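Below is one structure, written out as structure tokens, with a few remarks after it.
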Amino acid sequence: MSTEYEQLREVDKYDAQCPSCAAPIQFNPATGNLSCAYCGYEEHIPEPEKDEDRIAQEISLESATNRKNFDWGTEKKVVICDACAAESVYDALELANVCPYCGSNHVMESSAENSLAPNGICPFEVTSTQADDYFKRWIKGRWFMPNNAKKTAKADAFKGVYLPFWTFDSKTASRYQAQYGINYTTTDKDGKTEVHTRYYPTSGFYQEFIDDELVCATNRHNTSMLQAVAPFDTNNSRAYSKEYLSGYIAERYSIGLEEGWKEAQASMHNHLSSQIEWQIRTQHNADSVRGLHFSTVHSDVTFKYVMLPVWLSSFRYNDKVFQFMVNGQTGKVAGQTPISIIKVTLAIIATILIVAILYFFFGEQ
């Protein structure tokens, strides 16, 4: 037997089927229920009895044992469909997918050996139809896109995907040193004024609780697009339930907890830098800050492993494919578009003309 097939294995799975007609049912963002597109059957997803069990709970980072990255792409698994008995080979990254032969839902085990299972999920709130509407509005607003592309662009079939993210909470305490600047003006003998800055040393202490610092736990998707469709509301993420995955693709994490925490600290550092600078400016009524250095202590760090919803699709223009993404909570769109060289050139010429006119009338004053 080849090495490839030695890596394959069947896994336990959850197939959501309609009890009325046995067709696949899936989570419907419009109703918040499991729905059957064939007979109209609706099934309510049960809520936990206790309020604290309904939302994703914070987990102590210190107590987490499974912290490493995973190269799931080298592992495969075989799923035998309960509905049609077909065998499908999946990447081990996948938590959920749809049988390519009969359309049945496959929701696999949420964790593997030495890995973590999701403890939170933000279900889709935007339907595929609404995602298409948001796409059409977005396309109309692309100024530098060729007019013909705007008229003809149509989204291919939307794929609903749950992507893995880490969120981190941390109490931060930072000690800093810097120089703040106060501007003053001098006038020479010809009456011309010049702005100067005097700098003074300062030091201090800054505290802030940072809530739900978000880190994408997969590198298989366009990072700039994901950043562009942000933010996601993770504060009220629900406790993970496999029913929400029915009818969608879902990925497990490849960027582990330890690497995720490093990325979160770097992002927190940038945020704290701007906040400390703002504090210095406010305290001293300063015009500028330079030479800021600070060190931060993190305490009571907690995390969540949550699944966040996006719609993925693309459109074709002049034999090229342009991908885009829609936030499954808010409908915010980001993506790639063709660029009209003529429109860009005209915009540059118009800008040069405006600058020249302004200089002509006001530059010599």
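Bear in mind these aren't lab numbers, they're just calculated from the coordinates by the rules spelled out. Bear in mind that the values here come from a model prediction, so they are computed numbers and not experimental data. Please note: Cβ atoms are built from the backbone with ideal geometry, for glycine as well, and neighbour counts cover all protein chains shown.
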- Taking a quarter of the surface of the Cα convex hull of segment 104-149, what do you get in nm²? 6.7 nm²
- Task: Counting other beta carbons within 10 Å of each Cβ, put LYS304, LYS262 in order, fewest first.
- Result: LYS262, LYS304
- For segment 137-192, with the dipole built from +1 on Lys and Arg beta-carbon atoms and -1 on Asp and Glu ones, taken about the Cα centre, which of MET145, ALA155, THR187 lies farthest toward the positive end? ALA155
- Tell me, what are the semi-axes, in whole angstrom and largest first, of the equivalent ellipsoid of segment 130-244 as set by the roots of 5 times the Cα gyration tensor eigenvalues? 46, 31, 10
- Item | Net +/- balance of residues flanking TYR248 in space, Cβ distance below 12 Å, scoring K and R +1, D and E -1 | -1
- Message: Suppose we take every Cα in segment 240-365 and form the convex hull; what volume per residue is that in Å³?
- Response: 260 Å³
- With +1 at each Lys and Arg Cβ and -1 at each Asp and Glu Cβ, the charge dipole magnitude of the chain around its Cα centre, to the nearest 20 debye, comes out at 1760 debye
- Task: Would you calculate the separation in nanometres between label points at ARG290 and ASN66, each defined as 7 Å from the Cα along the Cα-to-beta-carbon direction?
- Result: 5.2 nm
- From the residues PRO309, LEU346, HIS269, which one has its Cα farthest along the dipole of segment 262-365 in the positive direction, the dipole being from +1 and -1 charges on Cβ of Lys/Arg and Asp/Glu about the Cα centre? PRO309
- Query: How do 329-341, 147-159 rank on mean C-beta neighbours within 10 Å, highest first?
  - Reply: 329-341, 147-159
- Query: Which whole-number value in Å³ per residue fits the convex hull of the alpha carbons of segment 291-365?
  - Reply: 273 Å³
- Query: With each run of n ≥ 4 DSSP H residues scored as -39500 (n - 2.57), what mean residue ellipticity at 222 nm is computed for the chain after dividing by its residue count and rounding to the nearest 500 deg cm²/dmol?
  - Reply: -7000 deg cm²/dmol
- Just rank SER313, SER203, fewest to most, by other beta-carbon atoms within 10 angstrom. SER203, SER313
- Note down the Stokes-Einstein diffusion coefficient of segment 160-304 in µm²/s, whole number, using a Kirkwood radius over alpha carbon pairs, 37 °C, and 0.692 mPa s. 177 µm²/s
- Enumerate the amide H contacts of GLU125 below 5 Å, restricted to partners 5 or more residues apart or on another chain; note that Pro and chain-start residues carry no placed amide H. GLN329
- Extend 7 Å from the Cα of GLN283 along its Cα-to-C-beta direction; within segment 193-224, residues with backbone N under 12 Å of that point are 201-207
- Query: Based on the Kirkwood radius over alpha-carbon pairs, what is the Stokes-Einstein translational diffusion coefficient of the chain at 10 °C with 1.306 mPa s viscosity, in µm²/s?
  - Reply: 65 µm²/s
- Message: Quick check: the angle from helix 257-284's long axis to the longest principal axis of the chain, C-alpha only, nearest 10 degrees?
- Response: 30 degrees
- Message: Report the gain in length on full extension from GLU47 to GLU109: 0.36 nm times residue separation, minus Cα-Cα distance, nm rounded to one decimal.
- Response: 20.2 nm
- How would you rank 347-353, 238-244, 251-257, highest first, on the average number of other Cβ atoms within 10 Å across their residues? 251-257, 238-244, 347-353
- Query: How much length is gained if the chain between ALA356 and HIS221 is pulled fully straight, taking 0.36 nm per residue apart and subtracting their Cα-Cα distance, in nm to one decimal?
  - Reply: 44.3 nm
- Query: Ranked highest first by average number of other Cβ atoms within 10 Å, how do 205-214, 166-175, 41-50, 266-275 line up?
  - Reply: 166-175, 205-214, 266-275, 41-50
- Message: What does the C-alpha gyration tensor say about the overall shape of segment 321-365? Classify as rounded when a/c is under 1.5, otherwise prolate if a/b is larger than b/c, or oblate.
- Response: oblate
- Message: Cut-off under 21 Å on the C-alpha distance; same-chain residues fewer than 8 positions from LYS140 excluded. Which lysines are left, in chain and number order?
- Response: LYS150, LYS151, LYS154, LYS320, LYS332, LYS343
- Of PHE27, SER60, TYR176, which is farthest along the charge dipole of the chain in the positive direction, counting Lys and Arg as +1 and Asp and Glu as -1 at C-beta? TYR176
